[in-house]
């Protein structure tokens, strides 16, 4: 027996005495997906979360990070509503790509493209409008490598020719990399200026009936989110409502707006 096998056996023995055990990551993901199927089936009893059958959905929701099951289902709800109009799907602030994969998986049977905007270098410098109570230096925090996002998209086998990963700080990164038309956008940029710029960018490319979901609207950690959203809806033709989940605000472009 190799020394690594001996060490593993010893650790397993010690953990077992305390009621713990090793579980293979793939097996754990499978167990989580099985349990998630039951949760999704429960929610699907409400027409609000009645989606087309999809074999990967439960696993992808189980793998979400920082996004609850209910929030994941709300994202899918508004994604499907938005696909009544023409346009591509965008995510602003993709982190490890868990939400990106969830959205992409639902687009496989369509011809729509997914556009993913992230600096992959963490947050930009906050501004005075962010009014952060936490005075730590936020610049560069929350960075994730691009290859994690690519791996997540490979998991759902989303076509490369319909995938656009735009690296760099927004909006400079989008000057030569932008969809012509957007029907759905998920904005998770955390800070005031980035969210303000993203909302204006989306409006210029969104027709009536399109939907924007903005994250971190409710929690007090990033007050600049709420400020950016309120300034935007005071100047642009969007309806606003807050779904029954902790963090989201939903913006829907009105038909009396400029397309």
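The values are calculated or read from the model by the stated rules, or taken from the named source; none is laboratory data. Please read these numbers as outputs of a predicted model, since none were measured by experiment. Note that each Cβ is placed from the backbone with ideal geometry, even for glycine, and that neighbours are counted across all protein chains shown.
Numbers below:
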{"quantity": "Selection count where residues are part of a helix (DSSP H, G or I), touching a helix residue (DSSP H, G or I) at 6+ places or on another chain (Cβ under 8 Å) and crowded, with 18+ Cβ neighbours inside 10 Å, scope the range 215-245", "calculated": "5"}
{"quantity": "Conditions (1) free of Cβ contacts under 8 Å to residues at least 40 places away in the same chain; (2) crowded, with 20+ Cβ neighbours inside 10 Å; number of the one not met by residue 184", "calculated": "(1)"}
{"quantity": "Test: residue in the range 151-162 that is within 22 Å of residue 210 (Cα to Cα) and surrounded by 14 or more Cβ atoms within 10 Å (Cβ to Cβ)", "calculated": "yes"}
{"quantity": "Among residues of the range 154-176, those that are under 16 Å from residue 92 (Cα atoms) and touching a residue at least 24 places away in the same chain (Cβ under 8 Å), counted", "calculated": "11"}
{"quantity": "The range 83-98 - residue that is touching a strand residue (DSSP E or B) at 6+ places or on another chain (Cβ under 7 Å) and over 18 Å from residue 198 (Cα atoms) and, of those, surrounded by the fewest Cβ atoms within 10 Å (Cβ to Cβ)", "calculated": "84"}
{"quantity": "Failed criterion for residue 52 (all others in (1) surrounded by 13 or more Cβ atoms within 10 Å (Cβ to Cβ); (2) more than 23 Å from residue 143 (Cβ to Cβ); (3) touching a helix residue (DSSP H, G or I) at 6+ places or on another chain (Cβ under 9 Å); (4) modelled with pLDDT of 80 or more hold)", "calculated": "(1)"}
{"quantity": "The range 32-49: number of residues that are at pLDDT below 70 and within 19 Å of residue 81 (Cα to Cα)", "calculated": "4"}
{"quantity": "Pick from the range 196-210, criterion within 12 Å of residue 178 (Cα to Cα) and out of contact with any strand residue (DSSP E or B) (no Cβ under 8 Å at 6 or more places or on another chain), ranking: surrounded by the fewest Cβ atoms within 10 Å (Cβ to Cβ)", "calculated": "204"}
